[in-house]
Amino acid sequence: MGKITGFKEYKREDVAYQPAAQRITHSDEFMVPLSPKSISEQAARCMDCGVPFCHSSYGCPIGNIIPQFNDQVYNDRWESAFRTLMSTNNFPEFTGRVCPAPCEMACVLGINEKPVTIKNIEYSIIEKAYEKGWMKPLDIISRTGKKVAVVGSGPAGLAAADQLNKAGHSVTVYEKAKRVGGLLRYGIPNFKLDKQKVVQRRVDMMKSEGIVFVTEANIGVAISLQQLQKEHDAVVLCIGAGLPRDLPIPHRDAKGIHFAMEFLGQHNCVLEGESIGADDRISATGKNVLVIGGGDTGSDCVGTSIRQKASSVTQIELLSKPPLERTDAMPWPTYPRLFKLSSSQAEGCVLDFDVLSKSFIKDENGTVKGVNCVKIEWKGRGFEEIGGSEFVINADLVLLAMGFLGPEQECVIKDAGLETDERSNIKTSRYQTANPRIFAAGDARRGQSLVVWAIFEGRECAREVDRFLMQRESGLNAVSRSLYEWEI
């Protein structure tokens with residue numbers, strides 16, 4: 001490494017955020033990037049450890065060559081760092097913003113010090129690449145004559161499309177929504193991932209490289225899967241795991257109870273200029289909002305509600321509050337479940353753990369007015385209600401953010417007669433379904449997961465599709481390196 005003693009000389013420095021009072025007045029990204037000097041010092045903290053767990057199976061799912069690009073950044077070889085990063089990651093502009101950075105939790109330095117700020121370095125590399133013009137459309141010189149349809153334009157679908165296009169196949173991506181991006185576009189708030197400056201920027205580049213995007217194309221409804229098979233040599237299903245977990249307690253039929261993705265997706269649509277009718281609008285403005293579910297999606301609901309000027313925001317979680325530090329049950333280098341106040345929660349909400357929702361309360365007009373709750377105590381894998389701990393949370397708007405059960409079954413899966421596993425995900429063997437021309441990847445195949453795992457799935461699936469189409473060992477393992485990597 002360029003600075004072998006860097007980890008002794010420099011302390012971890014995280015990016016700053018705009019003050020909460022300022023950032024809640026808008027829906028734009030509010031991260032304040034580190035200076036080039038600070039990023040260089042942070043890269044110098046990389047230890048050149050003997051076994052780099054950061055890009056092992058415990059760390060980065062896509063195997064980013066982290067020690068190498070850290071060294072290149074420290075030595076001011078930014079273009080080489082960019083090419084190293086792009087050799088394994090199709091979309092560092094996404095992961096550099098929204099990934100929870102399991103690589104940092106697996107950093108060897110993190111055993112007894114704060115880990116290297118890998119995510120911030122990744123963000124800095126890709127943004128400098130756009131600024132300098134290194135990140136530009138690739139010339140796909142030769143075409144195989146094979147056509148592939150990718151259903152779904154979330155991170156898995158985009159990664160599969162990008163890889164297959166690089167391999168020379170003609171790729172068409174079908175998206176049922178009005179805009180491309182899937183979860184990136186409709187699920188993640190704009191203040192974490194800007195849709196025009198970041199998502200659309202990358203989609204436009206993919207278009208210029210030859211990928212065709214067809215929006216408002218609901219496969220299994222408007223267009224049959226059989227039709228796609230007639231027009232393409234292979235079909236890749238990246239339809240996500242959009243079936244939300246419900247809360248079937250008394251008075252669930254009350255008006256004002258919505259799934260988180262309805263609320264988040266609609267808000268993103270409004271920000272992009274879409275008109276939502278007054279009767280269909282889900283608004284937190286002036287309301288007491290209750291978010292049920294303590295994960296990232298619930299936190300996104302908190303931040304969005306605050307920006308819509310809710311009167312109050314409360315977030316409850318069935319599980320207990322996680323510890324602040326690792327325990328024996330979550331040893332290094334595994335990804336620990338630790339408590340950290342999210343940026344949205346820090347903007348102002350009441351947060352409570354060990355809370356069981358018993359029933360919704362509705363008024364004479366059938367509108368939700370609150371939730372009857374009780375505190376619980378966990379005993380092993382189960383819990384018991386604590387007698388006398390019943391209480392009421394007043395709420396005019398309830399957002400259910402309790403995770404997802406798997407992909408929607410009624411459209412593509414039913415249309416194709418595909419097999420599913422015990423968790424209702426599409427069953428595959430090496431990403432191939434029982435129909436040899438249909439493949440699946442992402443959350444629809446593995447269940448709800450991270451954006452970086454979706455990218456991994458898309459890449460791996462593309463390799464299997466290429467192997468199937470060309471009837472030989474796929475060259476997609478090296479295709480990114482051959483197109484991006486030089487003078488590394």
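Since every read-out is calculated from the coordinates, none of them should be taken as a lab result. From a predicted model like this one, the values you see are computed outputs, not experimental measurements. A quick note on method: Cβ atoms are made from the backbone with ideal geometry, for glycine too, and the neighbour counts reach across all protein chains shown.
So here's what we get for this one:
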item	result
Label point distance in nm, GLU79-ASN394, each placed 7 Å from Cα along Cα→Cβ	6.3
Extended-chain gain in nm, criterion 0.36 nm per residue less alpha-carbon gap, ALA20 and ASN218	67.3 nm
Simple spin-label estimate for LYS37 and GLU9 in nanometres, 7 Å along Cα-Cβ	1.4
Counting DSSP beta bridges with both ends in the chain, the antiparallel % (nearest 5)	40
Cα centroid separation, segment 75-104 to segment 263-313 (Å)	31
Packing-based ranking, highest mean first, of 111-121, 442-452 given that Cβ atoms within 10 Å are counted	442-452, 111-121
Relative contact order %, segment 6-132, counting alpha carbon pairs below 8 Å whose residues are six or more apart	29
Unsatisfied cross-links (Cα-Cα over 27 Å) in the set LYS309/LYS369; LYS119/LYS147; LYS197/LYS309	LYS119/LYS147
Helix-only CD estimate at 222 nm, as mean residue ellipticity for the chain, using -39500 (n - 2.57) per DSSP H run (n ≥ 4)	-8500 deg cm²/dmol
Size descriptor, Kirkwood hydrodynamic radius, that averages inverse alpha-carbon separations across segment 221-285, Å	15.5
Karplus-derived HN-Hα couplings along segment 296-303 (A = 6.51, B = -1.76, C = 1.60, θ = phi - 60°), whole Hz, x at Gly and Pro	4, 5, x, 4, 5, 5, 4, x
For the chain, projected area of the alpha-carbon convex hull averaged over all directions, nm²	24.2
Test item: Cα-centred dipole of segment 6-132, Lys/Arg +1 and Asp/Glu -1 on Cβ, debye	120
Mean Cβ count within 10 Å, highest first, over the residues of peptides 188-198, 272-282	188-198, 272-282
Mean Cβ count within 10 Å, highest first, over the residues of peptides 453-465, 203-215	453-465, 203-215
Over the chain, relative contact order from alpha-carbon pairs under 8 Å, at least 6 apart, %	18
Charge dipole (segment 246-402, unit charges on Cβ, about Cα centre) - positive-most of PRO331, GLY273, GLY298	PRO331
Rough spin-label spacing in nm, given labels placed 7 Å along Cα→Cβ, for GLU274 and SER208	2.7
Student exercise, segment 246-402 dipole from Lys, Arg, Asp, Glu Cβ charges, in Debye to nearest 20	240
Scattering curve values for segment 6-132, log₁₀ I(q)/I(0), Debye with Cα scatterers, q = 0.16, 0.22 Å⁻¹	-0.75, -1.35
Unit charges on C-beta of K, R, D, E only; dipole of segment 178-291, Debye	360
Cα extents of segment 246-402 along the three principal axes, largest first (Å)	52, 38, 24
